[in-house]
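Colleague: Mind having a look at this structure? Questions to follow.
The values are calculated or read from the model by the stated rules, or taken from the named source; none is laboratory data. Note that the structure is predicted; figures quoted are calculated from it, not measured. When we count neighbours, we look across all protein chains shown, and the Cβ atoms used for this are built from the backbone with ideal geometry, even at glycine.
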Amino acid sequence: MKKEVYIIGAGPGKTSELTKEAIRLIKDCKEVYSFERIASLNSDLRVDIRVCTYGEIINRVNQSTAKSIALLVSGDIGFFSIAKTLIPKLEENCSVKTVCGISSMQYFCSKIGVSYENINVVSLHGRSKSILGNVSYNNHVFVLTDGVNRADKICIQLCENMLFDIKVYVGENLSMENERIFEGTAYEGSKQRFDQLSVLIIENQSYADKNIPLFDEDFTRDDAPMTKEEVRWSSVNNLKIKSGDIVFDIGAGTGSVAIEMARKAYEGIVYAIEKNNDTFHLLKENIVKLRAFNVIPISGEASEEIKKLPIPDKAFIGGSGGNLKEIIKYLYTINPNIRMVVNAITLETLVTATEVFNDMKFKTKTVCINCAKNRPVGNYNMMIANNPVYIITGEKYEE
């Protein structure tokens with residue numbers, strides 16, 4: 001008969017936050033194992049908790065002759081818990097059962113009176129990612145931080161991306177004697193220094209609904225040219241953008257395509273590159289107006305600026321400054337699996353894009369959109385045609 005192993009969520013730390021079931025098992029099991037911090041916090045319940053590292057715990061449990069063993073892990077076993085990696089490594093030799101605990105999110109939301117039924121959750125614990133998309137498209141975002149991604153550094157990032165006044169709550173050393181809860185703006189939070197054992201809730205009352213398409217009249221454009229909505233929607237959907245993608249918009253103009261793509265890459269980043277100073281001003285204005293803070297505006301020549309950026313998953317090319325062939329080849333070099341969409345209004349651009357995609361053995365699809373819209377003329381409506389636009393999609397053949 002296999003030994004019984006109970007993986008127990010120890011909650012935020014304080015013994016009083018344990019469930020009655022957890023307390024009973026800690027007392028009744030023949031052996032109890034945990035990591036140093038959790039073991040010390042629960043020593044009043046049991047003095048013989050065996051402290052070990054993650055690398056040791058599997059071997060020690062498997063080698064134990066005890067019939068019942070408790071493993072204490074922080075937080076709740078179903079919420080970004082180490083339990084997920086422990087379970088498959090123990091199931092071969094043990095009968096594993098899990099006991100839920102109070103998560104840091106539950107505890108903190110209760111403290112500040114925020115409902116977590118629709119909260120967006122991000123873990124930066126041991127991970128590197130931007131939360132700008134999460135913040136742009138959600139009312140509340142809960143963030144698990146660590147020593148590198150501290151709460152104050154996240155507040156600095158928010159400020160660097162025009163979110164100075166957004167409201168933040170920081171919970172430090174939750175349930176401990178030195179618990180501290182901070183409430184203020186991102187700017188105020190950026191001036192603090194928070195412990196690495198902190199959680200963060202960002203409240204955005206002016207968040208954008210990522211599920212609503214954008215229409216031409218939503219953008220500020222002055223006299224600048226802009227990719228029209230019918231072409232924009234087709235181009236963006238042809239890119240097959242995933243939520244966490246890194247996307248380039250090359251020749252971003254007023255940002256109409258970049259902001260549309262940002263709603264698809266709602267947990268990713270869109271780098272919008274534009275060289276014209278007047279148009280670049282409109283790009284930044286539209287980012288703020290439409291709350292698309294996961295669009296990063298970059299001023300300069302695209303052929304140079306793309307070399308300074310992270311490797312993209314997808315790329316839209318609306319304007320290349322005469323460097324279309326070089327840009328496509330460079331993007332393919334840094335990511336052979338990239339999917340690209342080129343918009344062309346001239347036959348020369350169409351030919352260049354098609355030829356370079358063929359040179360790289362890309363699977364290519366071309367669509368020409370001819371669109372006309374009504375314009376009132378007296379008591380009648382006249383259909384006025386826009387310029388035809390070619391949408392050329394290129395991607396690597398699946399092997």
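Colleague: Can K307 be described as among the basic types (K, R), surrounded by fewer than 17 Cβ atoms within 10 Å (Cβ to Cβ) and either out of contact with any Pro (no Cβ under 7 Å at 6 or more places or on another chain) or within 24 Å of F164 (Cβ to Cβ) (or both)?
Modeller: Here the answer is yes, as K307 does meet what is asked.
Colleague: Answer yes if at least one residue in the range 362-380 is in contact (Cβ under 8 Å) with a residue 24 or more places away in the chain, aliphatic (A, V, I, L, M) and not assigned by TED's automatic domain parsing to the domain that holds N161, and no otherwise.
Modeller: yes
Colleague: Touching a residue at least 40 places away in the same chain (Cβ under 8 Å), in contact with a helix residue (DSSP H, G or I) (Cβ under 9 Å, 6 or more places away or on another chain) and more than 25 Å from I131 (Cβ to Cβ), is that true of A302?
Modeller: Details: touching a residue at least 40 places away in the same chain (Cβ under 8 Å): yes; in contact with a helix residue (DSSP H, G or I) (Cβ under 9 Å, 6 or more places away or on another chain): yes; more than 25 Å from I131 (Cβ to Cβ): yes.
So A302 passes the test.
Colleague: May I pose another question? For the range 65-100, give me each residue that is over 18 Å from A22 (Cα atoms) and of a type in the set (F, W, Y).
Modeller: The answer is F80, and nothing else.
Colleague: Taking the options K307, K329, K325, name whichever one is part of a helix (DSSP H, G or I), touching a Phe, Trp or Tyr at 6+ places or on another chain (Cβ under 9 Å) and at negative phi.
Modeller: Only one candidate qualifies: K307.
Colleague: Follow-up. Within the range 1-87, which helices (runs of 4 or more DSSP H) (wholly inside it) include 3 or more residues that are within 22 Å of G126 (Cα to Cα)?
Modeller: 36-41, 54-63
Colleague: Being assigned by TED's automatic domain parsing to the domain that holds R232, β-branched (V, I, T) and closer than 20 Å to I241 by Cα is the requirement here; does I345 meet it?
Modeller: Against the criterion (assigned by TED's automatic domain parsing to the domain that holds R232, β-branched (V, I, T) and closer than 20 Å to I241 by Cα), I345 does not qualify.
Colleague: Which residue is farthest from N238 (Cα to Cα), if the candidates are limited to the range 346-378 and must be outside any helix (DSSP H, G or I) and among the hydroxyl-bearing types (S, T, Y)?
Modeller: Among residues in the range 346-378 that are outside any helix (DSSP H, G or I) and among the hydroxyl-bearing types (S, T, Y), the one farthest from N238 (Cα to Cα) is T346.
Colleague: Sticking with this structure for a sec: Restricting to the range 131-141, give me the number of residues that are within 15 Å of M261 (Cβ to Cβ) and either of a type in the set (F, W, Y) or under 9 Å from the mean Cα position of the chain (by Cα) (or both).
Modeller: So the answer is 3.
Colleague: Being within 30 Å of N204 (Cβ to Cβ) and buried (at least 22 other Cβ atoms within 10 Å of the Cβ) narrows it down to one of A353, A302, A315, so name that one.
Modeller: Only one candidate qualifies: A315.
Colleague: Can you tell me how many residues in the range 67-94 are surrounded by fewer than 15 Cβ atoms within 10 Å (Cβ to Cβ) and either more than 32 Å from the chain's Cα centre (by Cα) or not basic (K, R) (or both)?
Modeller: The number of residues fulfilling the criteria is 7.
Colleague: Can you tell me which residue in the range 164-206 is farthest from L290 (Cα to Cα), limited to those that are modelled with pLDDT of 95 or more and of a type in the set (F, W, Y)?
Modeller: For the range 164-206, the residue satisfying everything is F182.
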